[in-house]
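Any read-out appearing in this document is the output of simple, stated calculations on the displayed coordinates, not a laboratory observation. Quick caveat: nothing in here was measured; it's all calculated off a predicted structure. Counting neighbours? That spans all protein chains shown, and the Cβs are built from the backbone with ideal geometry, glycine included.
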Amino acid sequence: MLELKKKKSQASSVNAEGRLRHIAFIMDGNGRWAKKQGMPRTYGHVAGAKNFKKIIEYCGSIGIGAVTVYAFSTENWKRPADEVKTIMSLFRDYLDEAEKNWREKDIQIHFLGSKEVFPPELRSRMERLEQESADRRQILNIAVNYGGRADIVHAVNTLIAQGKTEVTEADITASLYTAASPAPDLIVRTGAEQRLSNFLLWEAAYAEFYFSEVLWPDFDERQVDLAVNEFYQRKRRFGGL
Ligand code: IPE
Ligand code: IPE
Ligand code: MG
């Protein structure tokens with residue numbers, strides 16, 4: 001019954017054609033969202049984390065096979081210590097939740113970014129979640145301590161360690177943290193800025209971009225639909241005619 005309902009909503013959804021296989025979000029604007037209400041920036045991160053869960057559920061329900069979210073960049077460590085602490089504690093809360101319920105979900109989790117910076121306990125929890133969810137259908141990539149440049153360097157170093165002295169594009173693609181996912185079809189940035197901020201530099205070569213003025217905690221299912229509809233209006237040529 002549930003399965004039937006799911007199929008129906010997928011078929012009638014904005015992604016009915018199924019051409020949108022991978023969507024990536026730069027979840028920006030949490031701090032400004034909080035400030036607008038006279039609240040501390042950390043309040044915005046709490047709201048942002050809640051919204052993240054809602055949006056990944058929704059993307060799954062409209063049949064998008066891979067979702068990537070930019071949660072924390074290699075540059076975000078520059079922020080005040082209390083803000084970094086709040087974000088890390090929200091990340092821990094998410095891990096707790098994921099550990100509790102990943103078995104009921106058909107989602108394989110990947111953490112994009114080097115885990116070296118995290119305490120060993122956190123790191124092994126992340127690795128365990130990745131391993132235990134590996135045979136699931138849908139992909140969720142969470143970019144934490146992620147930088148697009150750092151990932152390319154990491155990929156090249158992996159290849160060097162394997163003994164390669166010359167690399168191909170395919171080698172690099174297969175050695176990135178995103179190796180399990182198809183290239184992103186659509187990259188959505190909320191919060192009005194129009195830049196990549198070191199996100200998916202290699203993978204974005206032929207992605208479509210969608211910039212929204214809406215701040216991340218307010219970016220709801222309807223906003224996702226607007227982005228997806230816009231994606232279907234684009235003519236992708238990949239350099240051809
Ligand atoms: C995005 O929101 C979340 C992270 C970068 C961790 P911001 O914290 O960048 O919010 P703004 O852009 O300052 O409003
Ligand atoms: C990008 O947002 C990183 C994340 C959303 C995690 P930033 O707020 O860090 O980007 P800049 O500083 O405006 O470029
Ligand atoms: Mg920002």
For the chain, calculate the relative contact order in percent as a whole number, restricting contacts to Cα pairs under 8 Å that are 6 or more residues apart. 27 percent
Taking placed amide H atoms and a strict 5 Å upper bound, the residues 5 or more places from residue 112 or on another chain that come that close are 142, 143, 144
In sequence order, what are the phi-derived ³J(HN,Hα) couplings for segment 63-68 according to the Karplus relation 6.51 cos²θ - 1.76 cosθ + 1.60 with θ = phi - 60°, rounded to whole Hz, with x for glycine and proline? x, 8, x, 9, 10, 10
With the cut-off at 1.5 for a/c, could you classify segment 1-147 from its C-alpha gyration tensor as rounded, prolate or oblate? oblate
Rounded if a/c under 1.5, otherwise prolate or oblate - segment 166-241, Cα gyration tensor axes: prolate
Taking H as built 1.01 Å from N, whose amide H comes closer than 5 Å to the amide H of residue 139, not counting residues under 5 places away? 66, 67, 108
Taking placed amide H atoms and a strict 5 Å upper bound, the residues 5 or more places from residue 192 or on another chain that come that close are 212, 213, 214
With each pseudo-label sitting 7 Å past Cα toward Cβ, what's the residue 122-residue 10 distance in nm, one decimal? 3.5 nm
How high is the relative contact order of segment 21-84? Use alpha-carbon pairs under 8 Å, at least six apart in sequence, and give a whole percent. 44 percent
Diffing segment 16-25: the Karplus 3J(HN,Hα) column from phi (6.51, -1.76, 1.60, θ = phi - 60°), in whole Hz with x for Gly and Pro, holds 4, 6, x, 6, 8, 9, 9, 10, 10, 10
HN-Hα J in Hz across segment 207-214 - Karplus 6.51, -1.76, 1.60, θ = phi - 60°, x for Gly and Pro: 6, 8, 10, 9, 10, 10, 6, 5
Given 105/235; 53/115; 50/235, the pairs whose alpha carbons are separated by over 30 Å: 105/235; 50/235
